[in-house]
Each structure stands twice: as C-alpha cells, then as structure tokens.
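Please read the structure below before turning to the comments.
No lab work stands behind these numbers, since they all come straight from the coordinates. Keep in mind it's a predicted model, so treat the numbers as computed, not measured. Using ideal geometry, Cβ is built from the backbone for each residue, glycine included, and neighbour counts are taken over all protein chains shown.
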Protein chains: 2
Amino acid sequence: MIMADFAKRMKSMERSAGIIRGLFGTMNDPGVISFGGGAPAKEALPVDLVRMIANDVIRIDSRGVEALQYGSVLGLSDLRESVVKELLAPKGVEADSSNILITSGGLEGINLLCQLFIDPGDVILVESPTFVHCVEIFEMFQAKCVSVSMDDNGMVPEDLEEKIKLHSPKMVYVIPTFHNPTGRTLSLERRKKIAELGSNYDVIVLEDDPYRDIRYSGKDLPPIKAFDATGNTVLANSFSKIFSPGSRLGYVLASDEITSKLFDAKTATNSHTSMLPQVICAEFFKRGYYPAHHEMICGLYRERRDAMIESIDAFFPEGTKRTYPDGGLFTWAELPGGLNTTELLTESLADPDVRVAFVAGEGFYIEGNGMGNNCMRISFGSVQPERIREGAKRLGNLISKVMHRNG
Amino acid sequence: MIMADFAKRMKSMERSAGIIRGLFGTMNDPGVISFGGGAPAKEALPVDLVRMIANDVIRIDSRGVEALQYGSVLGLSDLRESVVKELLAPKGVEADSSNILITSGGLEGINLLCQLFIDPGDVILVESPTFVHCVEIFEMFQAKCVSVSMDDNGMVPEDLEEKIKLHSPKMVYVIPTFHNPTGRTLSLERRKKIAELGSNYDVIVLEDDPYRDIRYSGKDLPPIKAFDATGNTVLANSFSKIFSPGSRLGYVLASDEITSKLFDAKTATNSHTSMLPQVICAEFFKRGYYPAHHEMICGLYRERRDAMIESIDAFFPEGTKRTYPDGGLFTWAELPGGLNTTELLTESLADPDVRVAFVAGEGFYIEGNGMGNNCMRISFGSVQPERIREGAKRLGNLISKVMHRNG
C-alpha cells in the first residue's frame with residue numbers, strides 16, 4: 001500500500017465516479033431486459049462494411065502504412081473533410097477542416113476543452129438533469145457544477161442568463177438535441193439565444209451533440225454553433241451513434257485560437273487518435289456508404305422509439321409523463337404517486353417476473369436533494385421491438401403494483 | 001476572438017509545446033535524409049497480418065460486434081492476458097491481468113498517472129536529458145520538473161536520492177531501457193536501487209519502457225517494477241514499437257489501489273481504448289504471430305544500428321562521443337570543438353549537398369542553460385542502411401567543415 005497522496009482532483013470525482021459505477025455496473029445480465037445502457041443497437045454496427053474496407057485498404061500499396069504508422073495530431077485529413085462536407089455543411093454549419101480535431105470518442109473532446117479552460121474552482125453550468133459521465137469529467141477538473149433549469153424545449157435561457165450573472169461561469173455545457181437523459185431538443189429560438197449569451201458574457205458554450213445525426217422524425221435544427229459569431233461556442237460530436245462507439249472516434253469544431261490550443265492538449269494527452277479506425281471511417285464516408293447506412297439505422301431506431309412510446313402509453317399507469325424524442329436513444333418518464341425509481345429498480349431486478357433495467361433519475365441531477373427520484377431514463381436503442389413491448393409491460397405492471405401497495 | 005481566459009495549465013505548457021512543434025514539425029520533407037523522428041520502420045509494421053486478422057474476425061459471427069461496440073474501461077481481457085503472459089512474465093514480472101489497463105498509446109499512461117498524482121506545483125524528477133514530450137505532459141499538469149543526472153549506466157541513484165531529499169517529489173520519471181534520447185540502459189543494480197528509493201521515500205516511480213522489447217544485442221534486464229515491493233513503481237509501456245504506433249495502444253501495470261483510480265481517470269478521459277485495434281492486437285498475440293514478427297523487427301533494427309554506429313565511427317570527426325544502444329531506435333552523439341547542434345541543423349537542412357535531419361540536443365534538457373547544445377539525437381529506426389551510411393557521411397563531412405571553419 002502506497003502512502004503517497006493522490007491528487008486533489010481524484011477526491012473531487014469520487015462522488016460522480018461512484019454514481020457511474022452504480023448506474024452502469026450491472027447492466028449486462030442476459031436474463032434482464034435492459035432499458036439501461038446507452039449503447040447503439042448491435043444491428044446498427046457496420047460490421048461487414050468495416051471488414052470489406054479493411055480488406056481493401058490495409059495493404060502496403062494502399063493505406064496500410066498510414067493506418068499503422070504515427071499520424072497527425074488533428075487527425076486524418078480526409079476524415080476531417082468528410083466531417084465538414086457530410087456532417088456539418090448539411091446542418092447549416094460552415095467550417096474549414098483546419099478547425100476540426102479528431103478525438104478518441106466524443107468524451108475526449110469534453111475532456112480536452114476542460115484541459116483548455118478549467119482551473120480548479122471554475123464554474124460550469126449544466127442542464128438539470130444532465131449527462132452524469134460529463135459531470136465526472138468536470139469534477140476531475142475540480143470545477144464547480146451549477147445546474148440550469150430545463151423544460152420541454154431544453155435549457156431555459158432566462159435561467160441560464162441569471163446563473164451566468166450570479167456565478168460568472170467559465171463554461172456552459174449543453175446537450176441540445178435528443179438530450180441525455182431526457183430525449184428533449186432545444187428549440188431554434190433558444191439555440192440562437194444561447195449562442196448569443198455565450199458571446200455577450202464571454203462564456204464558452206460547450207455543445208455536446210452526439211445524437212443529432214440520428215433524427216428519425218420532425219424537422220432538423222441547426223446546431224448552436226451555427227449561430228456563434230465570436231468563437232465562444234465549441235461543438236463536440238461523436239461517430240459513436242452513426243458509425244461505431246467502440247472505435248472511439250469523435251470530433252471538435254472550434255475557432256482557430258482554440259484549435260491551436262487543442263492541438264497542444266491533444267499532443268500531451270495521447271499524440272493523436274488511433275489511425276486504424278480513422279482510416280476505415282474515412283473510407284466509409286469516401287465510398288459513399290454513409291447515406292444508406294444512416295437511413296437504415298434511423299429506420300431501426302424509429303421503430304424502437306415507436307414501440308417504446310406506444311408501450312409506455314399502454315402499460316404505464318395514468319399520470320405518467322414521458323417525453324417524445326424525435327431522435328436519439330432515450331425517453332424520460334416521470335412517475336406519479338411519489339414513486340422512488342431507485343427503489344423501483346431494485347425491486348424490478350429482484351422480481352423474477354419483472355427483471356427490467358433502466359436508469360433511476362436521481363443520478364442525473366447534481367443537486368442531490370431528491371430531485372428526479374420519481375424519474376427514469378428509458379433507453380430503447382439496443383432492444384428489439386418485441387422485447388421493448390414485453391419489458392415495458394412488465395415494468396408498467398410493477399409500477400402499478402407498487403403504487404397500489406403504497407396506497 | 002474570445003476573451004475568456006485559458007486555464008493556467010495552458011500557459012505552463014507553452015514552452016515545451018513550442019519545443020515539440022519546433023523539433024518535430026519539419027521532418028517529413030522527402031528530399032531530406034531524416035535521423036530526426038522516432039517512428040518505427042514502415043517495414044516493421046504488420047500490415048498483411050492486420051488485414052488477415054481483420055478479414056477473419058470482423059464478422060457478425062466472430063469478433064465484429066465486440067470490435068465496434070463499447071468496451072470495458074480496463075481494456076480487452078484477452079489482450080491484457082497476453083500482456084501478462086507474453087510481455088511481462090518472460091521479463092521476470094509477475095502480474096495479474098486485473099492490474100493491467102490498456103491505454104490509448106503509451107503517452108496516455110503517463111497522462112493518466114499525472115491525473116492521479118499531480119497537483120499544481122508538485123515536483124517530478126526527470127533524467128537529464130529526458131523525453132521532452134513527457135515534459136509537455138508534466139507541464140500541462142503544472143508540475144515542476146527537476147533534473148537528475150545520468151551517466152552511461154542511466155540515472156544516477158546518488159543524485160536521485162539527493163534530489164528526493166531536497167525537493168520531496170511526487171514522482172520520478174525514468175526511461176530505463178534504450179532511453180530516449182540517449183539510447184542508454186539503466187544497470188541492474190540501479191534498477192533495484194531506484195525501486196527501493198521509491199518505496200523508502202514513498203515516491204511514485206513512473207517507469208516508461210517503450211523500447212525494452214526491441215533489444216537486439218546484450219543481456220535482457222528485468223524492469224524496475226520487478227523489484228517493487230510496495231506498489232510505488234508503475235510500469236507504462238506501449239505496443240507502438242512491437243505492433244503499431246498508429247494504433248495507439250499501450251498499457252499500465254499498477255497496484256490494485258492505483259488501478260482502481262486509473263479506472264476512474266480513464267473513464268473520465270475517453271471511456272476506454274478503441275476496440276478495433278485492441279481486438280486485432282489481441283488476435284496478433286493469440287495466433288502466435290508475435291515471436292516471428294519480433295524476431296524480424298529486431299533483425300531489421302540491429303542492421304540499422306550497426307550501419308549507424310559504423311558510419312558515425314567512420315565519418316564523424318575525432319573526439320565525437322556516441323552511445324552504443326543494445327536496442328531501441330536512437331543513439332546520441334556529443335560533438336567536439338564547441339559545435340552548436342541547433343545551428344548545425346539549420347545549416348544541414350539548408351545545404352543542398354547535405355540535407356540531413358536530426359534532433360538538436362538542447363531541447364531534451366529542461367535546464368535551459370545551454371546544456372546539450374553540442375549534442376544530437378540520431379534516430380536510425382526508420383532509415384534504410386544505405387541511406388544511413390549516406391546520411392552519416394554527409395553529416396560527418398559537414399561537421400568537419402564547420403569545425404575547420406570555426407578553427
């Protein structure tokens with residue numbers, strides 16, 4: 001046993017690290033119908049395309065050396081070009097590939113932005129509820145997280161402005177589209193307003209938008225970054241939902257000044273993102289596989305969303321509120337009758353007639369005062385429709401039973 | 001232009017980031033014979049094996065889903081088993097795979113250890129000279145680096161103990177085998193002594209050992225970690241030199257307590273290392289490709305080392321001192337006659353009859369007082385033998401010319 005002290009940041013993150021282990025630790029039991037994890041469907045993974053591409057290009061006379069040798073810090077240039085042309089331009093974001101950094105997954109983008117901006121004690125404003133995994137990152141950087149209220153249209157700009165005035169934050173962290181955990185989407189008007197607030201108060205708006213590309217109903221909205229006139233908004237995104245999460249590929253779009261600092265921080269973190277997945281993902285776009293693959297996965301998730309929403313409406317008790325996501329992998333339910341979802345989860349997993357997992361709501365709130373304890377995140381992305389119906393039915397029955405028991 | 005302040009750590013790393021950009025920025029001109037970069041030979045990359053493995057296992061009914069889906073934080077279990085059995089046990093290190101974390105390249109291991117242990121102002125002891133890229137990491141963590149002297153047998157333990165007493169460091173950073181930049185190897189006696197000093201003074205010994213597996217002459221030595229009785233030594237290694245640098249795969253071997261904290265820091269950095277390269281590297285070991293590949297690359301580098309040493313001895317002026325590495329990719333030359341290698345490099349690249357690159361020595365010293373300004377790191381790993389002879393001849397002639405001119 002060493003006696004040397006760990007750094008202060010490791011103490012700061014103990015709470016959130018504990019929550020993450022608790023939330024996601026026991027979700028892989030095959031006997032359980034799991035609405036818990038946030039992983040994409042395995043049917044959405046382009047396994048055959050990846051093999052075909054590897055077989056074509058991992059050759060001495062093709063891209064084999066490039067895929068295995070050291071690469072450039074910002075990432076593979078043709079992958080960065082594809083981001084600009086196929087993922088940003090169609091969404092109304094004009095960008096130059098020199099402002100794109102390829103990261104080791106979307107979370108690394110969040111991490112690198114913290115390296116750039118967060119000193120211990122700095123305030124980061126987050127949505128209430130928010131993605132707890134990012135709170136863990138923020139706490140590793142010894143930031144103080146303060147929550148901003150949300151409604152059905154996402155983060156409330158009036159509350160954001162008030163919190164900016166009150167706390168002089170360094171950063172605002174926002175998941176604008178098909179939000180994790182709630183599935184909500186920030187309205188157009190608010191996107192403009194949040195970009196403006198970032199510029200006017202000189203706060204970094206960290207826009208984490210990993211679900212935006214899997215929209216399967218409703219009208220597309222431009223990212224907050226499209227309304228950024230000053231470089232205060234930084235867009236972090238991921239290939240996890242449209243290509244493959246295990247590849248750990250993401251990207252950051254930032255101003256020249258921020259990109260130059262990101263270059264230094266990335267160099268000092270892991271030199272560059274793994275080349276083998278970068279080469280294969282770049283070819284996936286260059287060969288034009290993305291549009292058809294995208295259509296396939298959107299169809300798959302639309303069917304699952306529909307199955308989940310119909311089942312919740314059919315099987316959950318009256319008084320249940322749920323969101324209707326136009327994309328992404330999650331819905332969020334608020335249960336009536338003072339039910340505690342943490343207790344419900346324990347009972348659900350223990351009852352041989354139920355055994356349905358979800359994520360209890362309270363872990364997504366940084367307030368820690370019981371907020372969200374009647375809420376649940378319900379993930380439908382990785383469950384087949386008939387299992388969704390069966391799981392929602394079992395869970396709905398359990399909820400009714402518990403409500404009845406509680407009187 | 002944003003007005004928001006960057007974090008203090010970005011200011012701390014400006015000096016070292018500038019050195020790295022300067023050192024490695026302009027090394028890819030095909031008209032130059034480059035002894036500059038530290039990349040492995042492209043002939044040492046297992047391009048055909050990687051394609052074959054991908055073609056076999058990236059299938060729905062094999063490891064395709066595993067390679068593309070989210071994975072576990074510590075890394076793929078069969079890859080961790082291979083580390084234990086094929087890379088550690090033969091070197092005299094007994095380890096359990098639960099103490100192995102697979103990282104996104106060797107540098108990420110260094111970075112994560114800093115996350116665990118370094119608060120701003122903490123002292124890290126480093127060799128003089130040392131690997132400047134790691135100094136950049138240390139400065140990102142706002143550590144204060146203090147140098148410990150080296151001789152032909154590596155870091156000098158007497159000076160290390162004195163500096164420990166003087167500075168109460170949190171960490172000692174040491175590259176024991178075929179050291180970057182000098183090619184020197186820490187003696188057996190000193191390995192024992194440094195492990196002991198870590199334990200006795202409760203300092204973390206960060207053993208960075210990415211070259212150790214490419215030994216092509218001399219007798220193998222156990223890592224410092226083999227002599228660690230208390231868990232104070234942490235071994236960070238890389239697959240870059242034995243498999244592929246572009247894959248960004250490395251590993252850390254640490255005590256239970258440290259591994260548990262590494263789990264949290266890795267989660268908050270990028271969740272886990274990319275699965276596609278992990279699956280392929282795991283199969284590379286499981287299928288038994290490593291021993292023959294290892295023999296091939298050792299033969300290749302031995303030939304290049306021999307060509308370089310013979311050429312330096314033949315073409316560099318009398319009074320030149322150089323190291324004789326038993327492995328790795330570098331030798332280190334100290335030039336006579338008060339020559340300044342930074343100026344020499346400029347002249348070498350500008351002279352159409354020379355155009356040979358190397359890395360000038362002074363950037364590897366944190367002292368910044370002119371130390372190493374008559375030294376050069378000479379990398380022979382990625383240059384074919386006939387080009388090594390030609391390059392060393394041209395460079396030797398230039399050195400003689402400059403010495404003659406200087407009188």
- Query: How large is the charge dipole for the stretch A:47-289, taken about the Cα centre, if only the Cβ atoms of Lys, Arg (+1) and Asp, Glu (-1) carry charge, to the nearest 20 debye?
  - Reply: 500
- Item | Order of A:E343, A:E318 under a 10 Å beta carbon neighbour criterion, fewest first | A:E318, A:E343
- Query: Using a simple spin-label model with points 7 Å from Cα along the Cα→Cβ vector, what separation in nm is obtained for A:D256 and B:T230?
  - Reply: 5.2
- Relative contact order of the stretch B:113-204: what whole-number percent is it, with Cα pairs under 8 angstrom and at least 6 residues apart? 30
- Message: Using the Cα centre of chain B as the reference point, and only Cβ charges (+1 on K/R, -1 on D/E), how large is the resulting charge dipole? Debye, rounded to the nearest 20.
- Response: 560
- Item | Gap separating the Cα centres of the stretch A:92-126 and the stretch B:56-131, nearest whole Å | 24
- To the nearest 10 degrees, the tilt of helix A:290-315 (Cα long axis) against the first principal axis of the alpha carbons of chain A is 10
- Query: When each copy gets a label point 7 Å from Cα toward the beta-carbon at B:S260, what are the spacings between them in nm, shortest first?
  - Reply: 4.5
- Applying 1/(1 + (r/R0)^6) with R0 = 45 Å to the Cβ-Cβ distance of A:E189 and B:D29, what FRET efficiency is obtained, to the nearest 0.05? 0.30
- Ordering A:298-309, A:117-128 by per-residue average of other C-beta atoms within 10 angstrom, highest first, gives A:117-128, A:298-309
- Message: Could you tell me how far the Cα centroid of the stretch B:205-250 sits from the Cα centroid of the stretch B:369-391, in Å?
- Response: 23
- Item | For the protein assembly as shown, size of Cβ-based charge dipole, Lys and Arg +1, Asp and Glu -1, in debye | 640
- Using a Förster distance of 22 Å, the FRET efficiency for A:T346-A:S400 (Cβ separation, nearest 0.05): 0.80
- Query: If you average 1/r over all unlike Cα pairs in the stretch B:63-287 and invert the result, what Kirkwood radius do you get in angstrom?
  - Reply: 17.5
- Message: Tell me which of B:T259, B:V279, B:G407 sits at the most positive position along the dipole axis of chain B, charges placed on C-beta atoms (Lys, Arg +1; Asp, Glu -1).
- Response: B:G407
- Query: Which whole number gives the average count of other chain Cβ atoms within 10 Å of the Cβ atoms across peptide A:64-77?
  - Reply: 5
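Hey, got the average number of other protein chain Cβ atoms within 10 angstrom for residues in A:40-52?
Partner-chain Cβ atoms within 10 Å, mean over residues of A:40-52: 5.
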- Item | Average beta carbon contacts from partner chains per residue of B:30-36, 10 Å cutoff | 0
- Message: Sequence gap at least 6, Cα distance under 8 Å: using those rules, report the relative contact order of the stretch B:63-287 to the nearest whole percent.
- Response: 30
- In nanometres, what is the gap between the two model label sites at B:D151 and B:Y201, each 7 Å from Cα along Cα-to-Cβ? 1.9
- Simple spin-label estimate for B:L166 and B:R21 in nanometres, 7 Å along Cα-Cβ: 3.3
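Give me B:M171, A:M3 ranked fewest to most by other Cβ atoms within 10 Å of their Cβ, as a rough exposure proxy.
So the residues, fewest neighbours to most, are A:M3, B:M171.
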- Task: Take every DSSP beta bridge with both residues inside the stretch B:63-287 and express the antiparallel ones as a percent of the total, to the nearest 5.
- Result: 35
- Note on the structure: Once phi for every residue in the stretch B:73-82 is put through the Karplus expression 6.51 cos²θ - 1.76 cosθ + 1.60 (θ = phi - 60°), the whole-Hz ³J(HN,Hα) values, with Gly and Pro written as x, are 4, 6, x, 5, 5, 6, 5, 5, 4, 5
- Item | Distance between the stretch B:134-169 and the stretch B:254-281 - C-alpha centres, whole angstrom | 27
- Fraction of beta bridges assigned by DSSP in the stretch B:185-280 that are antiparallel (%, nearest 5): 50
- Message: On C-alpha positions alone, give me the angle between the axis of helix B:256-270 and the longest principal axis of chain B, in degrees, nearest 10.
- Response: 80
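With n ≥ 4 as the cut-off for DSSP H runs, can you work out [θ] at 222 nm for chain A, using -39500 (n - 2.57) per run divided by the number of residues, rounded to the nearest 500?
-13000 deg cm²/dmol
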- Of the DSSP beta bridges with both residues in the protein assembly as shown, give the percent that are antiparallel, rounding to the nearest 5. 50
- Message: Rounding to the nearest 10 and keeping the result within 0 to 90°, find how far the Cα-based axis of helix A:106-117 lies from the longest principal axis of chain A.
- Response: 70
- Item | Ascending count of other beta-carbon atoms within 10 Å, so fewest first, for A:K170, A:K321 | A:K321, A:K170
- Message: Relative contact order for the stretch A:1-135: what percent, with Cα pairs under 8 Å and sequence separation of 6 or more?
- Response: 20
- May I ask you to report, in nm to one decimal and beginning with the shortest, the distances from B:P222 to the same position in the other copies, taking label points 7 Å along Cα-to-Cβ? 6.5
